[in-house]
Amino acid sequence: MAPAVTMEMGLKELMRVVLTCLPAGPSATAGGSLPRPSSSPRGGGGAGEDRISRLPAAVLRDIVSRLPAKDAARTAALSRRWRRVWAYAPLVLDDSDLLALPAGGGDPKPIQWYAVTDAVSRIFIDHRGPIRSVRLTCCFMALALAQGMLDRWLLRLAAGGAEHLVLVNRPLPTSLPLPDDILRIASLRTLYLAFWRFPDTPGLPRGPAVFPHLQEIGLFHVDVDDKDVEHILACSPVLEKLAMVANFYRIPFRIRSRSLQCLVFWNSMMNELAVVVAPRLKRLILWQPYLRVADSSFRIRLRIGYTTDLKVLGYLEPAIHQLEIGGTIIESGTKTIPSTMVPSVNILALKVRFEIRKEAKMLPAFLRCFPNVETLHVLSHEADEPTGKLNLKFWQEVGHINCLETQITKVVFDKFRGERYELAFLKFILERAQSLLKLVVVLANGDQASVDEMLAKLKSLTTAKRASEYPALLAVARDGDSAWCFQRASDLSVSDPFDW
């Protein structure tokens, strides 16, 4: 029988998480003013002369493609010169631009699902040119599917050479069957899907010709089988980023990709995540703030195989992650050998409940698996039911940890609450980290009295024994929650996605 695992996330919160993590809409010039038709006779001069209409057609099409879809379509009414501009300009469509606004301005009215769906259909019928970007989050997808509109949209996207697509099934029900024509848009460079049941891939075309240009794919609360994920990877020879958001599975996922650079599992759970072959993988992000495990024996087995370029890993959680490297399951007493190490990792993030003794004891074992870590992030997570705490004596008796004693230059300890077991761990860091240059302690949220109390407790670190001659100690009181977010985690241009 499967272990009792719950995600403390209602439908409203689930929708918020998904919509927050979706890529932003195209950078159209929202609210841009439209050129006015000429007020002077044709060919006349003066202040009313329509000089914009005299621009080359290619320039006009580029201008129109930067406007919100509703304004772009309205340019056809400006003059005869403009009638065919929008119809053949590269289409940039975000259906949220079609929402009705109050007469006096302000936020959009409640979504008019039928009206937006009908407007999108008219746009796909009237537009004849290439398609650059389409973002659909406000359409009534059940209606579009039932009436065959969605099938026609997908065919139009394929014919128009669509490069970027966000397709969200709203409002309800979730897990509608997604037509397999989604796999026939070979021009796609980015694809984000939410609240669908992924097409059954057996029997469908397979190979690099399916998605020859696809660089990013996001599956947000999508009902998908592990074989379908393998199919996607096999069909995407230049794929760099795979994001799984708000997905809850009882099946293992195996990753085999020669091109993948960033793998994100956000608010997601599965029995097993096996990175089998991913030689270019640089970043593996795991974040599960809503997971609550009723059965303490439940683990997500994280298997790290052939990943010679992995630089960033986290958050590893002893509470839920069972780490396996080179076929060996890492336990608190596991003897470290070369086959159980990942020497390429230089940024590591751990989420730990220090009040749970067996979890805190896993920290040394995890650290030994990554001998070349230079930046260590530790997120202190409060336990509902403490089961034993580790004091300074335990940490003093911990054996050699290569990364801590020779490599680590920066440690960030987040959500510090001033507990003695937290101070014991921080003193352990100071006593062992010979190359440490900076220790940053981020205080847990609280009132001014709590902040003052935490700062007072941190003063004991100023007199603690130090292995490094000049470590800088920095205490930070942050307003609100951590800056940690999906966009930062999945942005490969950010060198340290855990940094604030």
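The values are calculated or read from the model by the stated rules, or taken from the named source; none is laboratory data. None of the values given here were measured: they were computed from a predicted structure. Methodologically, a virtual Cβ is constructed for each residue, glycine included, from the backbone with ideal geometry; neighbour enumeration extends over all protein chains shown. What goes into the accessible areas is simple: the full protein's heavy atoms, side chains included, and nothing from ligands, DNA or RNA. Shrake-Rupley method; radii C 1.70, N 1.55, O 1.52, S 1.80 Å.
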Tilt, helix 149-159 to longest principal axis of the chain (alpha-carbon atoms), in degrees rounded to tens, equals 90
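Between Val494 and Leu55, what is 0.36 nm times their sequence separation minus the Cα-Cα distance? Round to one decimal in nm.
Details: separation 439, 0.36 × 439 = 158.04 nm, distance 3.98 nm.
Here the answer is 154.1 nm.
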Once Arg122, Arg189 are ranked on solvent-accessible area with the largest value leading and a 1.4 Å probe, the list reads Arg122, Arg189
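With a cut-off of 8 Å between alpha carbons and a minimum separation of six or more residues, what is the relative contact order of the range 362-500 in percent?
Working: 209 pairs, mean separation 30.9, N = 139.
It comes to 22 percent, rounded to a whole number.
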Listed by chain and number, the residues whose amide H is under 5 Å from that of Ala349, excluding neighbours fewer than 5 places away on the same chain and using placed H, are Leu313, Gly314, Leu316, His377
The extension gain from Ala464 to Lys358, computed as 0.36 nm times the residue separation minus the Cα-Cα distance, is 35.6 nm
Any residue on another chain or 5+ positions along whose placed amide H is under 5 Å from the amide H of Asp223 is listed here as Trp196, Arg197, Phe198
At the level of C-alpha centres, the distance separating the range 240-280 and the range 331-385, in angstrom, is 21
Note, the range 234-247: 3J(HN,Hα) by Karplus (6.51, -1.76, 1.60, θ = phi - 60°), whole Hz, Gly/Pro = x, goes 5, 9, 10, x, 10, 4, 10, 9, 10, 10, 10, 10, 6, 10
Links exceeding 30 Å between C-alpha atoms in this model, out of Lys12/Lys241; Lys361/Lys465; Lys335/Lys459; Lys311/Lys361; Lys241/Lys410, come to Lys335/Lys459
The aspartates and glutamates whose Cα lies under 12 Å from the Cα of Lys457, excluding any fewer than 8 residues away in the same chain, are Glu419, Glu422
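Please find the FRET efficiency linking Leu172 to Ile337, where r is the Cβ-Cβ separation and R0 is fixed at 51 Å, and quote it to the nearest 0.05. If you can, show how the numbers build up before the last one.
Numbers: r = 52 Å, r/R0 = 1.02.
That pair, Leu172 with Ile337, gives E of 0.45.
Can you give the direction-averaged projected area of the convex hull of the alpha-carbon atoms in the chain, in nm²? Write down the numbers at each step before the final one.
On the way: hull surface 115.7 nm².
Averaged projected hull area, Cα only: 28.9 nm².
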Per residue convex hull volume, Cα only, the range 150-290, in Å³ is 103
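Considering only DSSP beta bridges where both residues belong to the chain, give the percentage that are antiparallel (nearest 5). Spell out each step's value before the answer.
Numbers: 5 of 86 bridges.
Taking every DSSP beta bridge within the chain, about 5 percent pair in antiparallel fashion.
Counting pairs of alpha carbon atoms under 8 Å apart in space and at least six apart in sequence, what relative contact order in percent does the chain give?
Working: 1039 pairs, mean separation 38.3, N = 500.
After rounding, I find 8 percent.
Taking only the alpha-carbon atoms of the range 421-500, what semi-axes of the equivalent ellipsoid follow from 5 times the gyration tensor eigenvalues under a square root, in whole Å, largest first? Could the numbers behind the result be given before it?
Values: eigenvalues 123, 79, 16 Å².
With the √(5λ) rule applied to the range 421-500, the semi-axes are 25, 20, 9 Å.
Work the Kirkwood hydrodynamic radius out for the range 312-375: mean of 1/r over every pair of different alpha-carbon atoms, inverted, in Å. Working shown, then result.
Numbers: mean 1/r = 0.0843 Å⁻¹.
Taking every pair of different Cα atoms in the range 312-375, averaging 1/r and inverting gives 11.9 Å.
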